[in-house]
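Every number in this text was worked out from the coordinates using simple rules, so none of it is lab data. Owing to the predicted nature of the structure, the values given are computational and were not obtained by experimental measurement.
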Amino acid sequence: MIEDRSNESGLLFSAPSEEVAMFKKILLPLDGSELAERAIEPALMLAKQVNGKVILLQAPVMDLVVSHPVAGGYGVLLPEQSSEQAFEEANDYLDHVQSRNRHPEVTLVKLVLEGDPASLIVDTAVSEKADLIVMSTHGRSGLDRFIMGSVTEKVLQKAPCPVLALRTGDPIRNILITLDGSAMAETAVQPGLDLARGLGAHTTILRVDNQESYLDQRELDEINRLEPGLAEQVMEGFYSRIPDYVRRIVEEYEQDEGEIDTAIAEGDPADYILRVAADKNADVLVMATHGRTGLRRWLYGSITHKIMRAANRSMLIVRPPAAAYEV
């Protein structure tokens, strides 16, 4: 069952103030492909709102032995020469990206670093204290088709900041933030709203509850055995608090962030998240993750993993601070 609590006004968020903006420093990994470059526009849009910085990062790919045309045939570049050529090509490429996307309200810097791409992305995010990583994905059949394959998965596991994984180059107009009632899940609310504000998108906050997560049927039967009808009262009392929880979240943020729609669903979390995402035409799903031991330990466990693979939508993955694990 889904209860839609959409605001009738349907207003978009107003322009942000610099004081409340979150994404002032954005890391943008590029590999020279048109697919990866789909991430440039949203990264710039977010940075423009706050006079921010976008760090263009590329890890050049170097072959151990490279043949190249010369007069009378082909020559061979040694590893050192191949490295120099790859770095030169990467610098030229990022120079081109810089010149093509200059904006008075955005600082564009470039980094060409050698090493494992996933490690470089994570390490650079740490050293530069990035607020957000923006990366493109294939968007055909889920996580396995990310543009950088296992690179993106590794980044999602270890990134010290939110990661926006983009599956299309279409404008982002609707954002769905998913909650399960925990403090850890709530750490995704502010980044999701910051994204919506920066891109001029509309936001819905969805609370999904799976009854089986709290009391299984045997426990309910035992409660009814002790006192007939008590189990139903227990569940009614529990679910009566859910609208109050959602209302509290909205009231906490809505004054500063603008109009926020809400939806409440009871049932299988993954199925209802996907269903609401379709109903709301969500371009981005926002979810929190444990981020300690990989995708299978995310807040929603296999639920988040399933959504990553099933939803042909972009995602903003937020890794809560360590303190949230203790709640």
Can you run phi through the Karplus equation (6.51, -1.76, 1.60; θ = phi - 60°) for the stretch 162-168 and list ³J(HN,Hα) in whole Hz, with x for Gly and Pro?
-> x, 10, 9, 9, 9, 9, 9
From the backbone phi of the stretch 177-194, what are the Karplus-calculated ³J(HN,Hα) couplings (6.51 cos²θ - 1.76 cosθ + 1.60, θ = phi - 60°) in whole Hz, Gly and Pro given as x?
-> 9, 9, 10, 10, x, 8, 5, 5, 4, 5, 5, 8, 5, 5, x, x, 5, 4
If amide H atoms are modeled at 1.01 Å from N in the peptide plane, then the residues at a separation of 5 or more from LYS280, or on another chain, having amide H under 5 Å from its own are none
Would you kindly derive the ³J(HN,Hα) couplings of the stretch 312-318 from the backbone phi angles with the Karplus curve 6.51 cos²θ - 1.76 cosθ + 1.60 (θ = phi - 60°), listing them in order in whole Hz, with x for Gly and Pro?
-> 8, 9, 6, 9, 10, 9, 10
Cross-link table LYS24/LYS154; LYS48/LYS280; LYS25/LYS280; LYS53/LYS129; LYS24/LYS158; LYS53/LYS154, entries beyond 18 Å C-alpha to C-alpha | LYS24/LYS154; LYS48/LYS280; LYS25/LYS280; LYS24/LYS158; LYS53/LYS154
